[in-house]
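**Student:** Could you have a look at this structure, given as structure tokens, before my questions?
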Amino acid sequence: MSSNVIVVGCGRVGSQLANMLSDNGDNVCVIDRNADAFANLGRNFNGSTIQGIGTDGDTLEKAGVEECDVLAAVTQFDNTNLMVARVGGLLYDVPHVIARLYNPDHERAYMQLGIDYVCGTSLVAEDVFGKIVSGHGAHLDTFGEFEVLRFSLDLSWAEKRTVRAGELERDHDIRIVAFERSDGSASSIPTKDSILYHGDSLLVCIRHDLIDSFSKYIQD
């Protein structure tokens, strides 16, 4: 099933991502403030383009943000990507927003704000594409029928705000690779008796077909 995707930024990463999504059969609209940047898309791009600023509501609405499934902010500026992500998520309730992150020092802030992101300078388009086609914001990588997810643990719905790592693994057929306390005070490879708290960051390996049933533990 095709998705409606808006890509903000048409540099090397944005144009590569837009073409990958277009080739995948998705409906893609690319936004860039510089009309000349659209030349990066090449002749075979099947989507649409809009010259404008990705944080501007009128521009986003022209691009179809109100029917958008995924908004990817992949400009060269962290502050711009953050603003696009916040506008898309908070004002337009886009189901899946992804931001490119250059400076790893900002990573914790992105996590605390609940923004899905890709950090790095290489293979960024491939990483964002993987997140989009997997259908889940916590996606890091795919190994055959397994997904590697990184997310904040959501126990807000549970009677207890804690759970043992072994209990979570046993009941949901997952493997918790590592965890980090929500305040960054400690990180560890868990034992079966390790106590996990609401808001802790987890690195988890899970079979793809079990993600939906496990999704209540993943903070949006």
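The values are calculated or read from the model by the stated rules, or taken from the named source; none is laboratory data. Please read these numbers as outputs of a predicted model, since none were measured by experiment. For neighbour counting, all protein chains shown are included, and Cβ atoms are generated from backbone atoms with ideal geometry for every residue, glycine included. Heavy atoms of the whole protein, side chains included, go into the accessibility calculation; ligands, DNA and RNA do not. Shrake-Rupley method; radii C 1.70, N 1.55, O 1.52, S 1.80 Å.
**Student:** I'd like the residue in segment 47-95 that is of a type in the set (S, T, N, Q) and not in a helix (DSSP H, G or I) and, out of all such residues, is least open to solvent (accessible area, probe 1.4 Å).
**Tutor:** Within segment 47-95, the subset of a type in the set (S, T, N, Q) is 48-49, 51, 55, 59, 75-76, 79-81.
From what is left, the residues that are not in a helix (DSSP H, G or I) are 48-49, 51, 55, 75-76.
Numbers: SER48: 57, THR49: 65, GLN51: 119, THR55: 42, THR75: 21, GLN76: 124 Å².
Once the filter is applied, the top-ranked residue is THR75.
**Student:** On to the next question. Show me the strands (runs of 3 or more DSSP E) entirely contained within segment 123-165 in which 1 or more residues are more than 16 Å from LEU210 (Cβ to Cβ) and at pLDDT 80 or above. Please lay out each step first, then the result.
**Tutor:** Numbers: elements: 139-143, 146-152, 162-164.
Where strands (runs of 3 or more DSSP E) fall fully within segment 123-165 and carry at least 1 residues being more than 16 Å from LEU210 (Cβ to Cβ) and at pLDDT 80 or above, they are 146-152, 162-164.
**Student:** Shifting gears a bit: Please tell me if ASN34 is within 19 Å of the chain's Cα centre (by Cα) and over 16 Å from ALA99 (Cβ atoms). It would help to see each step written out before you state the result.
**Tutor:** Details: within 19 Å of the chain's Cα centre (by Cα): no; over 16 Å from ALA99 (Cβ atoms): yes.
Spelling it out, it is not the case that ASN34 is within 19 Å of the chain's Cα centre (by Cα) and over 16 Å from ALA99 (Cβ atoms).
**Student:** Here is a further query. How many of the residues making up segment 170-183 are in a strand (DSSP E or B) and open to solvent by 50 Å² or more (accessible area, probe 1.4 Å)?
**Tutor:** So the first thing to find is which residues in segment 170-183 are in a strand (DSSP E or B), and the list is 175-180.
Filter once more, keeping what is open to solvent by 50 Å² or more (accessible area, probe 1.4 Å): 175, 177.
Going through segment 170-183 one residue at a time, the tally reaches 2.
**Student:** Restricting the search to segment 96-108, which residues are farther than 20 Å from ASP58 by Cβ and either hydroxyl-bearing (Ser, Thr, Tyr) or surrounded by 14 or more Cβ atoms within 10 Å (Cβ to Cβ) (or both)? Quick ask: steps written out before the conclusion?
**Tutor:** Initially, segment 96-108 is screened for residues farther than 20 Å from ASP58 by Cβ, giving 96, 98-108.
Correct list: HIS96, ILE98, ALA99, ARG100, LEU101, TYR102, HIS106.
**Student:** Moving on. Just wondering, is there one or more residues in segment 203-215 that are over 17 Å from the mean Cα position of the chain (by Cα), at pLDDT 80 or above and open to solvent by 70 Å² or more (accessible area, probe 1.4 Å)?
**Tutor:** Yes, because at least one residue in segment 203-215 is over 17 Å from the mean Cα position of the chain (by Cα), at pLDDT 80 or above and open to solvent by 70 Å² or more (accessible area, probe 1.4 Å).
**Student:** If you don't mind, another one. Exactly one of (1) touching a residue at least 60 places away in the same chain (Cβ under 8 Å); (2) acidic (Asp, Glu); (3) touching a strand residue (DSSP E or B) at 6+ places or on another chain (Cβ under 6 Å) is unmet by ASP200. Its number?
**Tutor:** The single condition ASP200 does not satisfy is (1).
**Student:** With the requirement that a residue be open to solvent by 50 Å² or more (accessible area, probe 1.4 Å) and under 23 Å from GLU159 (Cβ atoms), what does segment 184-194 give you?
**Tutor:** Matches in segment 184-194: LYS192, ASP193.
**Student:** Which members of segment 28-46 meet the condition of being surrounded by 12 or more Cβ atoms within 10 Å (Cβ to Cβ) and assigned to a helix (DSSP H, G or I)?
**Tutor:** As a first pass, look at segment 28-46 and keep what is surrounded by 12 or more Cβ atoms within 10 Å (Cβ to Cβ): 28-33, 35, 37-38, 40-41, 45-46.
ALA35, ALA37, PHE38, ASN40, LEU41 - these are the residues of segment 28-46 that are surrounded by 12 or more Cβ atoms within 10 Å (Cβ to Cβ) and assigned to a helix (DSSP H, G or I).
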